[in-house]
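The values are calculated or read from the model by the stated rules, or taken from the named source; none is laboratory data. Quick caveat, the model's predicted, so the values are computed rather than measured. Glycine also receives a Cβ, built like all others from the backbone with ideal geometry; neighbour counts cover every protein chain displayed. Areas reflect the complete protein model, heavy atoms only, side chains present, ligands, DNA and RNA absent. Shrake-Rupley method; radii C 1.70, N 1.55, O 1.52, S 1.80 Å.
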Amino acid sequence: MEIIIADHAGFCFGVERAVGLVEETSRKHTGVYTLGPIIHNPQIVRKFAEQGVGVCEDTNNFSNENTVVIRSHGVPKQTYGDLSEKSVNVVDATCPFVKKAQNSAQKLGQGGASVVVYGENNHPEVQSIVSFIDSEYFIVSGEAEANALPFREQYALIAQTTQNSESFDKIAEILKTKCSGLTVSNTICNATNLRQAAAISLAGQVDTMLVIGGKNSGNTTRLYEICKGICPRTMHIETKDELCKELFKDSRKVGITAGASTPGYLVDEVIEFLKEVTNEQD
């Protein structure tokens, strides 16, 4: 059985930076919390909990004795004010690409356009982005919701950084029929595009595809959906413990990719498991 690993799998720059900031902060301070899960990977969150780093969603629970790390997905604009009022020590681990999306949202809203955000309505990144919009805005998760939007004189389109570029382009075409003028700011980060392109390429070459990452991770779920559409035998797993050797008895080529919030050691453990399966098959 051949094992093939996709290019651009696993931690992206923003996630690696956020995890590094938590590690650095926990060495320097006590009473450290992340405001929400630092990334959407339960194994990493559990690892930090074992090191004494808590997770809390409510700014009312913090005092000036705490150090709070802003998660990679960002937080609503008002949250910064709430933390400042409490004199909380803040370490901002918001992904730079999310910051760029927040800034784009703010500028487009100030320009008078109705802003359309392509993303998941309840995702913390999307909620952080829309909090910077002072004008009318809409959140759409796909083409059907874009088609249902009312006509406006001016629309502006941005995206959650981990969304699918092909769908983003289709939504842009729909919006052109819904307004007199459309401004497009593609805020999907390049790491997402590269990861999805590599997964698409690999899924077409294998008979079994494994997508590794948190079940609560939006970008990992999109990788799974993309791969599933190409390779029907695609599985979304968090760890090797979800696998059994019987799953691969008919596999000749197994592809592996991982979400942007998936640490390398989890990928390595899956690879080692598959190598054991291969050795037994031989």
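Please go through the range 225-238 and pick out each residue that is over 17 Å from residue 201 (Cα atoms) and touching a helix residue (DSSP H, G or I) at 6+ places or on another chain (Cβ under 6 Å).
Hit for the range 225-238 is 236, nothing else.
Taking the range 20-47, which residues are open to solvent by less than 70 Å² (accessible area, probe 1.4 Å), within 22 Å of residue 79 (Cα to Cα) and over 19 Å from the mean Cα position of the chain (by Cα)?
Those that are open to solvent by less than 70 Å² (accessible area, probe 1.4 Å), within 22 Å of residue 79 (Cα to Cα) and over 19 Å from the mean Cα position of the chain (by Cα): 25, 26, 31, 32.
Determine if the range 54-61 includes at least one residue that is surrounded by 18 or more Cβ atoms within 10 Å (Cβ to Cβ) and of a type outside the set (Ser, Thr, Tyr). Steps first, answer last, please.
Filtering the range 54-61 for residues surrounded by 18 or more Cβ atoms within 10 Å (Cβ to Cβ) gives 59.
Of the ones still in play, those that are also of a type outside the set (Ser, Thr, Tyr) are none.
Scanning the range 54-61, I find no residue that is surrounded by 18 or more Cβ atoms within 10 Å (Cβ to Cβ) and of a type outside the set (Ser, Thr, Tyr), so the answer is no.
Filter the range 226-251 down to residues that are at pLDDT below 95, open to solvent by 40 Å² or more (accessible area, probe 1.4 Å) and farther than 26 Å from residue 47 by Cα, then give me how many there are.
5
Can you report the number of residues in the range 1-22 which are touching a residue at least 60 places away in the same chain (Cβ under 8 Å), part of a helix (DSSP H, G or I), out of contact with any Pro (no Cβ under 9 Å at 6 or more places or on another chain) and of a type in the set (Gly, Ala, Ser)?
Residues meeting the conditions: 1.
How about the range 54-70: which of its residues are touching an Asp or Glu at 6+ places or on another chain (Cβ under 9 Å) and closer than 20 Å to residue 216 by Cβ?
Matches in the range 54-70: 69, 70.
Tell me yes or no: at least one residue of the range 74-94 is within 30 Å of residue 30 (Cα to Cα), in a strand (DSSP E or B) and touching a helix residue (DSSP H, G or I) at 6+ places or on another chain (Cβ under 8 Å).
Within the range 74-94, one or more residues are within 30 Å of residue 30 (Cα to Cα), in a strand (DSSP E or B) and touching a helix residue (DSSP H, G or I) at 6+ places or on another chain (Cβ under 8 Å).
Which ones in the range 1-19 are farther than 30 Å from residue 246 by Cα and either open to solvent by 40 Å² or more (accessible area, probe 1.4 Å) or polar (S, T, N, Q) (or both)?
Taking the range 1-19 first, the residues farther than 30 Å from residue 246 by Cα are 12-19.
Passing the criteria: 13, 16, 17.
Can you list the strands (runs of 3 or more DSSP E) lying wholly within the range 104-171 that have 1 or more residues being farther than 23 Å from residue 78 by Cα and either in contact with a Cys (Cβ under 9 Å, 6 or more places away or on another chain) or polar (S, T, N, Q) (or both)?
152-159
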